[in-house]
Amino acid sequence: MKRKYQGMIVLKMQGQEESLEDSVSAVTKELEAAGATMDQIDRIGRKEFAHENHAKQKAGYYVQYHFEADPKAIKTMEDQLKLKMKEQVMLQYYSLAR
């Protein structure tokens, strides 16, 4: 049974400002390949971090995805983004939509 989810993805900014839209599209394709049906994509934009992270990133580009998927597909999505897009995706978090 499909449920509605929200996914917050933080994309790496350093040296990739020109290709942010390509990264947003690539993440969308990976989520859809894992079984998600996109409802909405909100490009929140660039945000500074309070502290530099372990990868020396000072900022990230936040994108919120609203989609429907089977609960089992969430783990697949996380794994695929970690494997295929580790150069672009810094953080990812998924929760049930309210």
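Details
- Any chance TYR5 is under 12 Å from the mean Cα position of the chain (by Cα) and aromatic (Phe, Trp, Tyr): no
- Selection within the stretch 13-52: residues that are over 17 Å from GLN64 (Cβ atoms) and either part of a strand (DSSP E or B) or among the polar types (S, T, N, Q) (or both). The member of this set that is modelled with the lowest pLDDT is GLN16.
- Pairs linking a residue in the stretch 34-47 that is in contact (Cβ under 8 Å) with a residue 12 or more places away in the chain to a residue that is surrounded by 13 or more Cβ atoms within 10 Å (Cβ to Cβ) and of a type in the set (D, E, K, R), with Cβ atoms under 8 Å and 6 or more positions apart or on different chains, are GLY35/ASP70; ALA36/GLU68; THR37/LYS2; THR37/GLU68; MET38/GLU32; ASP39/LYS4; ASP39/GLU68.
- Test: residue in the stretch 78-96 that is exposed (fewer than 14 other Cβ atoms within 10 Å of the Cβ), farther than 15 Å from ILE9 by Cβ, modelled with pLDDT under 90 and hydrophobic (A, V, I, L, M, F, W, C): no
- Scanning the stretch 3-18 for residues that are over 27 Å from GLU52 (Cα atoms) and either in contact with a helix residue (DSSP H, G or I) (Cβ under 7 Å, 6 or more places away or on another chain) or surrounded by 14 or more Cβ atoms within 10 Å (Cβ to Cβ) (or both) returns ARG3, TYR5.
- Candidate set from the stretch 53-66 (those that are in a strand (DSSP E or B) and of a type outside the set (Val, Ile, Thr)); member that is farthest from LEU96 (Cα to Cα): ALA59
- Residue count for the stretch 67-92, restricted to those that are under 18 Å from ALA26 (Cβ atoms) and in a strand (DSSP E or B): 6
- Evaluation of GLN57 against the conditions (1) modelled with pLDDT of 90 or more; (2) within 15 Å of ILE9 (Cβ to Cβ); (3) among the polar types (S, T, N, Q) shows that the sole unmet condition is (1).
- With respect to the conditions (1) of a type outside the set (Gly, Ala, Ser); (2) surrounded by 12 or more Cβ atoms within 10 Å (Cβ to Cβ); (3) within 15 Å of the chain's Cα centre (by Cα), ASN53 falls short on a single one, namely (3).
- Test: GLU21 is under 14 Å from the mean Cα position of the chain (by Cα) and loosely packed, with under 13 Cβ neighbours inside 10 Å: yes
The values are calculated or read from the model by the stated rules, or taken from the named source; none is laboratory data. Given the structure is predicted, the values throughout are model-derived calculations rather than measurements. Here Cβ is always computed from backbone atoms with ideal geometry, including for glycine, and neighbour counts include all displayed protein chains.
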